[in-house]
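One structure below.
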Amino acid sequence: MTHLDITRRSFIVTTAAAGGGLMIGVAMSGPAHAAAGMKPNPWERPSDKAGQEINAWIVVDPDGTTTIRVGQSEMGQGVFTAMPMLVAEELHVDWKMVKVEYADGNRHVRNNNLYQRMSTGGSGAVRNSRVFLQQAGASARERLREAAAQAWSVPRDQVVAKDSVLTAGNRRGTFAEFATRASQVQLAQEPAIKQSGQFQLLGTTLARLDTPLKVNGTATFGADVKLPGMVHAAVKVVPVRGGKLKSFNFDAIKGRPGVIGAYALKPVDTHPLQTRVDEGVAVVADTYYRALTALNLLPIEWDLGPDVAQTTTAYKAKMAEALKQPGAVGRNDGDTIAAMKTAAKVVEATYYTGYDGHACMEPLNCTVHIAADRVDVWGGFQNPPGALAVVADHLGRQPVDVYTHTTFLGGGFGLRARNHEVRQAAEIARQVGNRPVKMMWTREEDTRHVRGRPAGMSYLRMGLDASGMPIAFYGRYAGHSAAAQNNPTSVANGLDLGSMNGIRDHRYKIAHNLMEGHIRNTNLHTQAYRAPGYEHNLWHFEQFIDEVALAGGKDPLQLRIDLTKDLPDWQMVLNTLKQKSGYRRDLPRGEGMGVAIGESFGSIIGMVAKVTVSRRGQLTIDKFDVVVDCGNLVTPAIVAHQMQSCVVWGVTDAVYRELTIDKGAIVEGNFDTYPLMKINQMPVVETHFALTGGNKWGGIGEPGCPPAAAALGNAVFAATGKRVRDRLINQTDLRWA
Amino acid sequence: MALSLTVNGRNYTVDVEPETPLLWVLRDNMGLTGTKYGCGIARCGTCTVHIDGQVARSCATQAAAAVGKRITTIEGLSPTSTHPVQVAWTELDVPQCGYCQSGQIMAAAALLAKRPRPTDADIDTEMELNLCRCGTYQGIRAAIHRAAAIAGGAR
């Protein structure tokens, strides 16, 4: 079987029907499309014609071209296709006429949050925008129908809207003909939106509108912004976070070709920590390479600060020490302490996950142009209004005078959510003066100064009854708290519930649960990282559940089914997983299958990993079967692609890489020391759907990441008998005899 | 100093230090930003171009070393974006964020020029240095096989 066959098979949509039967449908990508659905600069209007705006989301041109505005940021997860589908489902527009552009961040701020949700994160694009996007489409459709009804003197309910055409009897008109009148229609009552089961467009696979721009190099990422008179900034911040810039000697580089200036970057303590500028230096030149070369030659003196002796080992020891003490209580149901004493058997284990970085393929960057009456900002923003607010705050401008231009994002994953790089770019531009400045980080800066995933350690204990069933769970967590740095008031009582996500909120039916947490921050700065909390905690908890199952003499998949009998959607996912994966435990030594499941961001995702480990300990990851319950689908191919993406994410972090600290600084720098998974390490990923429908609309960008690592860990154990509780898998001796 | 370079069949004269990596000459001096910066040490493949038909990592190629050679970037792969690799990539909707895809496509095009019907092992060997953080590898593999079929006359 070739990989092509497998990929085609992965597009098979398996929907578990009521009564347990299975309906199989096949959805394939459409044919290659000639033109992209947007401009290479996605913040620009995709059409050159003067169109009629029906509402803030929808513009109809005289030729029928219909622009749908997108409030979420495109970082690969497909919002430039999924968001307009939600509008088009209701608008009854001809999909071939749909073009897209980003909603305007400035207009959003000027008009009282007009576009409602312009921050992209929490796997929330569909589930948190769906209702108002459907409403925008439905409202426009009804106004078009009403405009035609009035013109033709017929009741609105006799006017049919389909594929951008309005008809009533033998009367016919296009959306374009009625767009102006529709924009003036007042409806007595807004129309109801369609519900699950009534959709025609949603649930089908359409070609992504952004693909054509991404196969010929024209898509504009932040790094690609080009402006007249633009200069380039390279930056270096103090190697040890918490240190300070003492001095630098600009004279040493000022004669170099193209060099314009070198500028000190100093934090202002009244700025919020989450966007505060790190101590450092920027060198500005006419090209990026000249700026970077000069920066590397610039003599800089640092005061490395109080944390110059810190190491990963020391930070880990602090977490281990904390686990010896009770912590702030994050969950307490039943009487765990008493129940644990009645247990026939107790299983305990300690798991650890270190720091990791987003490693977006596009290093952080931002372009700022300060003029007398306005400030323009270009970049891959996950939160354009946030970027606007940071710039306005930093430069003392009115928010309405700041204009954001959101580019394509060369990866986001939470890194581009808080706009700390935007304040840094604004500070450089402030010092440079009235010309556009494009600031870009090197790969090494991007790795060593990433605000990435917090490290954490879990001590887990389960009491089992005489039959091997869990009766009491006691967990303690000690780890770095991103919330303590970015939103300190939320953890004022010393309790960061989010840092315990994936353990604290497990769904298994266990009578007694006690979960405690300790915050142990270090000198690194952390923030949102694809599936925060869940991504590493499920590695801990779902491997631990395997340990519990085996200690109690149970099949790990069957135990999960038995512990979720009251949860019909979990039952559907687990039973589909059992059927599709052919999960079994009687494989020859050196081969293994591992299961894991988690619920986050509104979706339940179960996975079975299949691995082969040679006697010499060489790991091959053969396959992942993935079962998804996100309730309803917007477009299945994008979901399948996100599941592949999530598997790669989870496996990369568990197997290949981790950030370590020595002398207070991150040791790893570029891809030679901080690798990503490669194509020759990629398992086959097959995605199956077990959709529970109804009003459930789960997220898809993140929830596949957490179970991937745990399923892999369980498969490695099944193959070798070796349990990896402390990453990385490829640094663990997996030899077996 | 002035260097004369031939990119996508066009001659450019640029004023750069001769050791400047070709990547930055393409991006900052010529405005050809389809070729991306990812690592600067030839370890990620986002900067992949063709020099005289061979794969080259432009971040680790000095501009002076490319003088007199035929340089092709993603912008010059096909005037109509219809190289079989681009058609296959579009059919299968391979890109996610898209940042690495120029390099992936240039590497795949060079592979197919060398091996019109590549095996999975060929793909593993030739594409190993092109990283993708979004994890589009399964799509890339399928699209390379599809591109080979298109180039061989399949519809």
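A short reminder: the numbers here are calculations on the coordinates, not readings from a lab. All values derive from a computational prediction rather than experimental measurement. Glycine also receives a Cβ, built like all others from the backbone with ideal geometry; neighbour counts cover every protein chain displayed.
Some points to look at:
- Placing +1 on the Cβ of every Lys and Arg and -1 on the Cβ of every Asp and Glu, with nothing else charged, gives chain A a dipole about its Cα centre of roughly 480 debye.
- Taking every residue in A:674-687 and counting other chain Cβ atoms within 10 Å of its Cβ, the average works out to 5.
- Lysines whose Cα lies under 21 Å from that of B:Lys69, excluding same-chain neighbours fewer than 8 positions away: B:Lys36, B:Lys114
- Lys pairs under 13 Å by Cα in the stretch A:36-214, provided they are eight or more residues apart or on distinct chains: 4
- Multiplying the residue separation of A:Lys246 and A:Arg589 by 0.36 nm and subtracting their alpha-carbon distance yields 117.6 nm.
- B:Asp52-A:Ala320 FRET efficiency (beta carbon distance; Förster radius 56 Å; 0.05 resolution): 0.45
- Amide H contacts under 5 Å for A:Ile471: A:Gly463, A:Leu464, A:Asp465, restricted to partners 5 or more places along the chain or on a different chain, H placed in the peptide plane at 1.01 Å from N.
- Residue with peak Gaussian network fluctuation, chain B [Cα springs, cutoff 10 Å], from B:Gly45, B:Gly68, B:Gly76: B:Gly68
- Residue order, fewest to most surrounding Cβ atoms within 10 angstrom, among A:Lys623, A:Lys509: A:Lys509, A:Lys623
- Put simply, the amide H of A:Val277, placed in the peptide plane, has neighbours under 5 Å in A:Val268, leaving out anything fewer than 5 places away on its chain.
- Evaluated over the stretch A:223-272, the count of Lys pairs having alpha-carbon atoms less than 16 Å apart is 5 (only pairs 8 or more residues apart or interchain).
- Rounded FRET efficiency, nearest 0.05, which uses the C-beta distance separating A:Asp662 from A:Thr612 and R0 of 41 Å: 0.75
- Within straight-line cross-link reach of A:Lys324, lysines at Cα separation under 19 Å, skipping those fewer than 8 residues along the same chain: A:Lys316, A:Lys341
- All lysines inside 16 Å of A:Lys722 as judged from Cα atoms, apart from same-chain residues fewer than 8 positions distant: A:Lys610
- Prolate/oblate/rounded call for the stretch A:271-423, Cα gyration tensor, a/c under 1.5 rounded: prolate
- Full extension of the chain between A:Gln195 and A:Ala466 yields a length gain of 92.8 nm, computed as 0.36 nm times the residue separation minus the alpha carbon distance.
- By the count of other C-beta atoms within 10 Å, a proxy for reagent exposure, A:Trp378, A:Trp570 are ordered fewest to most as A:Trp570, A:Trp378.
- For the protein assembly as shown: rounded, prolate or oblate by the Cα gyration tensor [a/c cutoff 1.5]: rounded
- Of the DSSP H helices in chain A, those whose Cα atoms cover at least 27 Å axially and whose Kyte score averages 0.5 or more: A:636-655
- The stretch B:34-136: relative contact order in percent, alpha carbon pairs under 8 Å with at least 6 residues between: 33
- Ranking B:Thr35, A:Ala511, A:Asn365 by how far each Cα lies toward the positive end of the dipole of the protein assembly as shown (charges on Cβ) leaves A:Ala511 at the top.
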